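Below you'll find the structure, written out as structure tokens, and then a few comments.
What follows is calculated from the coordinates using simple rules that are stated; it is not laboratory data. Fair warning: this is a prediction, and the values are worked out from it, not measured in the lab. Cβ atoms come from the backbone with ideal geometry, glycine included; neighbour counts cover every protein chain shown.
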Ligand SMILES: [Zn+2]
């Protein structure tokens, strides 16, 4: 299976907030999403990144406008899924499915571009979002308007899939393609239903938002209070970060959604320079 990550845009943040002991300099965080090409299952995305639906579209609610304005996202034209697919002679309708790691705006903003794709996500988290009031969702950084209506009809819930064992203390995870090539790993704490993806064949764990910077996985350089306040469950997030750090310490590779440093699986993008 081919695994790569594209960058949908950048979001500036001070390093001192992202990791304890960090400098007071601004870092341009990436907003990665994955592009998987599986020999039998076809073309899949891992999230869809940030997009105009969250950042600039007319008709956005006040809360979404305030969120996007405060975070100052900068979209990447060449990193948009449509552009990345077009570079490979592909079209959004060629996408067989989208694995949604969690429902934060910078992971689901472009979901509406894939109206026929299958969706793999944490079903109970979606049910919780649909049932929650505006304020409760806002408090967790979730904007239900970005999650297309009727997505439930295309949804496969990770919790219902067969589970397989993973190395380096990751425990068991949901076998998404039935061949052990892509396994959803529960990484609770960041957001409701948040999971990462292990690719055992590549020795890779896509730990998504288990930390914003790679250094943030370690307790001594984990983010301070301001960032921990946005977490769904701080204690669970610390345990998840420790499991990812243990995988890394055992020789596994880790990719995070937002780490500003390039990684071996990143698609080349000139805007990243
Ligand atoms: Zn997130």
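Would you please list the contacts, defined by Cβ atoms under 8 Å and residues six or more apart or on different chains, that run from a residue in the range 232-247 that is free of Cβ contacts under 8 Å to residues at least 60 places away in the same chain to a residue that is surrounded by fewer than 16 Cβ atoms within 10 Å (Cβ to Cβ)?
Here the result reads 234/228; 237/228; 238/219; 241/219; 242/219, each pair linking the range 232-247 to a residue that is surrounded by fewer than 16 Cβ atoms within 10 Å (Cβ to Cβ).
Within the range 11-56, can you find the residues that are over 22 Å from residue 112 (Cβ atoms), assigned to a strand (DSSP E or B) and either free of Cβ contacts under 8 Å to residues at least 12 places away in the same chain or more than 14 Å from the chain's Cα centre (by Cα) (or both)?
Once the filter is applied, which keeps residues that are over 22 Å from residue 112 (Cβ atoms), assigned to a strand (DSSP E or B) and either free of Cβ contacts under 8 Å to residues at least 12 places away in the same chain or more than 14 Å from the chain's Cα centre (by Cα) (or both), the range 11-56 yields 12, 13, 14, 26, 27, 28, 37, 38.
Can you name the residue in the range 105-136 that is within 16 Å of the ligand (Cβ to nearest atom) and more than 20 Å from residue 188 (Cβ to Cβ) and is also surrounded by the most Cβ atoms within 10 Å (Cβ to Cβ) among such residues?
Taking the range 105-136 and keeping what is within 16 Å of the ligand (Cβ to nearest atom), we get 105-111, 121-122, 125-126, 128-129.
From what is left, the residues that are more than 20 Å from residue 188 (Cβ to Cβ) are 109-111.
On the way: 109: 30, 110: 24, 111: 22.
Out of the qualifying residues, it is 109.
Just to be sure I understand, how many residues within the range 137-194 are within 15 Å of the ligand (Cβ to nearest atom) and part of a loop (DSSP other than H, G, I, E, B)?
13
Going through the range 82-104 one residue at a time, which ones are within 16 Å of the ligand (Cβ to nearest atom) and outside any loop (DSSP other than H, G, I, E, B)?
Of the range 82-104, the ones within 16 Å of the ligand (Cβ to nearest atom) are 98-104.
The answer is 98, 99.
Identify the single condition in (1) within 16 Å of the ligand (Cβ to nearest atom); (2) more than 26 Å from residue 184 (Cβ to Cβ); (3) assigned to a strand (DSSP E or B) that residue 68 does not satisfy, given that it satisfies every other one.
(3)
Given the residues 139, 116, which is the only one that is in contact (Cβ under 8 Å) with a residue 12 or more places away in the chain, farther than 18 Å from residue 49 by Cβ and out of contact with any strand residue (DSSP E or B) (no Cβ under 6 Å at 6 or more places or on another chain)?
Of 139, 116, the one residue that is in contact (Cβ under 8 Å) with a residue 12 or more places away in the chain, farther than 18 Å from residue 49 by Cβ and out of contact with any strand residue (DSSP E or B) (no Cβ under 6 Å at 6 or more places or on another chain) is 116.
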